[in-house]
1. Of all residues in the range 360-407, count the ones that are under 24 Å from Asn308 (Cα atoms) and of a type in the set (Ser, Thr, Tyr).
2. Would the range 305-324 turn up any residue that is of a type outside the set (Gly, Ala, Ser) and assigned to a loop (DSSP other than H, G, I, E, B)?
3. Is there any pair with a first residue in the range 80-106 that is without any contact (Cβ under 8 Å) to a residue 24 or more places away in the chain and a second that is of a type in the set (S, T, N, Q) whose Cβ atoms are under 7 Å apart and which are 6 or more apart or on different chains, and what are they?
4. Looking at the range 155-169, which of the residues that are hydrophobic (A, V, I, L, M, F, W, C) and surrounded by fewer than 23 Cβ atoms within 10 Å (Cβ to Cβ) is nearest to Trp18 (Cα to Cα)?
5. Helices (runs of 4 or more DSSP H) wholly in the range 57-142 with at least 3 residues that are out of contact with any Asp or Glu (no Cβ under 9 Å at 6 or more places or on another chain), of a type in the set (Val, Ile, Thr) and within 18 Å of Gln197 (Cβ to Cβ) - which ones?
6. Identify, please: which residue in the range 5-33 is among the hydroxyl-bearing types (Ser, Thr, Tyr) and part of a loop (DSSP other than H, G, I, E, B) and is, among those, modelled with the highest pLDDT?
7. Test each condition in (1) touching a residue at least 40 places away in the same chain (Cβ under 8 Å); (2) touching a Leu at 6+ places or on another chain (Cβ under 7 Å); (3) surrounded by fewer than 20 Cβ atoms within 10 Å (Cβ to Cβ) for Arg231 and report the one that comes out false.
Amino acid sequence: MSGNATPTSSESASVTDWVAVVAGALGALMATLDISITNTALPQIQGAIGASGTEGTWIGTGYLVAEVIMIPLTAWFTRLLGLRTLLLVTTTMFVLFSMFCGLSDSLVGMIIGRVGQGFFGGALIPTAQVIVRTQLPPRQMPVGMSIFGVIVLIGPILGPVLGGYLAEEITWRWCFFLNLPVGIALSILLLVGLPRQSPNLGLLAKADWLGIAGMTLAFSCLTVVFEEGQRESWFESSMIVELSLASLLGFVVLFITQKTSADPVIKLSLLRNGAFASATMIALAVGAATYGATFILPQFLSSIAGYNPRQAGGIMALSAVPVFLLVPILPRVVGRFDARLMVALGLFFFAASCFVDVGLSPDSAGGDFTISQLLRGVGQILAAMPLNQVSMAAIGRENAADGAGIYSMARNLGGSMGLALSGVVIDQRSAAHSDTIRETLTANSLAGQARLAVSGVSQGIDTATAKLRAISQLSSLIERNALVMTYSDCFWLMGVMILAMMPVVLLLRRPKPVSGETALAAGH
């Protein structure tokens, strides 16, 4: 993709190659940060632009919908424009739309800006993988993939922390203005690290336009269904029903074009490769659990422990500690041990972190999540590093761009599925737990009578008022306990989902340290 000769295992990457890798990592970090950086600043943003809570959700949904459209298109745009030109264009437009968001004073303007950010930012994540796969020789690829893996993990963790700090200490607008200096630095690195390639505009005439339309319809509508389904009561909403049917139609068109188009927009045929399909499936499940955990934990810390966004961000950041500690070590280990063993260990630690959080109580505070957050960080980094390498090695360098698009799209769709599943569980289980507690704790039960036996004299109020206050407090206590039980259910389900991926690990293959032309066929 870069225009350079394919490196062999006996070669070492040049300085410019490493500059390109750093540029790709910086672009991926900027894009992954912007997925979550607005979450903690959302109340301030909504207040400034006069948006209600329901309207404000489209600030995040707009970004994700546009991003999921661009990610699978990245490989085609790379062939059309060349890697450097594509990245320079997307970086420039991403920064411009970031400035537009930072200057917006209306909901419409903010959503337009976020859609632009998501679309152009969507190219920055898979291309980082492509740069590593095409610029580095096989023996140095574990280091590059480690850098990419860290970025993908750190972005969602640091986003809420950084967003909360900027919103509280400076202004929410800096959540977007911050991309200007980063974008300038990224552009300079791209100009230095990647060679210029001539565009192949002839692809426009041969493009799989029907496939592009089908893919856009399928994934955009599906993302909206996942993101808005819970708030719209799922299929009780005509909007969700219509979007689901539209997504199904898009998938039908996309699958038809896979058979009829000479150059389909997205090469789903790569999923016939067992190792790549397995890695993609695991990435989807890990994405769902990761985004589910980053959604549930802040809610618990806020609603149960009473933490503010900055305090909650500090607890969330604990999972980044193992990532930073293991980064210097794992690149040396990834190539020496069976990738399946490392991924299995990662999934085990991730699942263990979820099961540790099953024993939550209304008295749990941030410190009670220390062990689970550290385990989660270990699990994520152990699984992500070899998984990234295995997925790319399975399909070879010639399919790196298409494979990276499918892999990144699966991770993002998994994240949307995780958020949707968490919302469903919280809605359904909290009501069920509340009803169960109320059935066992009635006014006629000993526990209920003891709770309601409140002396109005000690509070300086009459007995009737004291009893009403006691009933209100009891109701709040029931809802609080029901919510805690629900959060425990969420972590239990995530743990089970991760463990269910264990058999899939057996289908992965360890990348072989091959060289020369055989490197192109690695995994086949």
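The values are calculated or read from the model by the stated rules, or taken from the named source; none is laboratory data. As the structure is a prediction and not an experimental result, all values here were calculated from the model. Please note: Cβ atoms are built from the backbone with ideal geometry, for glycine as well, and neighbour counts cover all protein chains shown.
1. Total meeting the criteria: 4.
2. Among the residues of the range 305-324, at least one is of a type outside the set (Gly, Ala, Ser) and assigned to a loop (DSSP other than H, G, I, E, B), which makes the answer yes.
3. Phe97/Gln117
4. Going residue by residue through the range 155-169, those that are hydrophobic (A, V, I, L, M, F, W, C) are 157-158, 161-162, 166-167.
Pick out the ones that are also surrounded by fewer than 23 Cβ atoms within 10 Å (Cβ to Cβ) and you get 158, 161-162, 166.
Values: Leu158: 24, Val161: 29, Leu162: 27, Leu166: 31 Å.
Filtering the range 155-169 for residues that are hydrophobic (A, V, I, L, M, F, W, C) and surrounded by fewer than 23 Cβ atoms within 10 Å (Cβ to Cβ), the one nearest to Trp18 (Cα to Cα) comes out as Leu158.
5. Of the helices (runs of 4 or more DSSP H) lying wholly inside the range 57-142, those with at least 3 residues that are out of contact with any Asp or Glu (no Cβ under 9 Å at 6 or more places or on another chain), of a type in the set (Val, Ile, Thr) and within 18 Å of Gln197 (Cβ to Cβ) span 83-103, 124-135.
6. The initial filter retains those residues of the range 5-33 that are among the hydroxyl-bearing types (Ser, Thr, Tyr), namely 6, 8-10, 12, 14, 16, 32.
Narrowing further to those that are part of a loop (DSSP other than H, G, I, E, B): 6, 8-10, 12, 14.
Details: Thr6: 48, Thr8: 49, Ser9: 47, Ser10: 49, Ser12: 75, Ser14: 83.
This residue is Ser14.
7. Checking Arg231 against (1) touching a residue at least 40 places away in the same chain (Cβ under 8 Å); (2) touching a Leu at 6+ places or on another chain (Cβ under 7 Å); (3) surrounded by fewer than 20 Cβ atoms within 10 Å (Cβ to Cβ), the one that fails is (2).
Every residue, every condition in (1) over 20 Å from Asp427 (Cβ atoms); (2) in contact with a Pro (Cβ under 7 Å, 6 or more places away or on another chain); (3) of a type outside the set (A, V, I, L, M), yes or no:
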position	(1), (2), (3)
Gly202	yes, no, yes
Ile212	yes, no, no
Gly229	no, no, yes
Trp234	no, no, yes
Leu245	yes, no, no
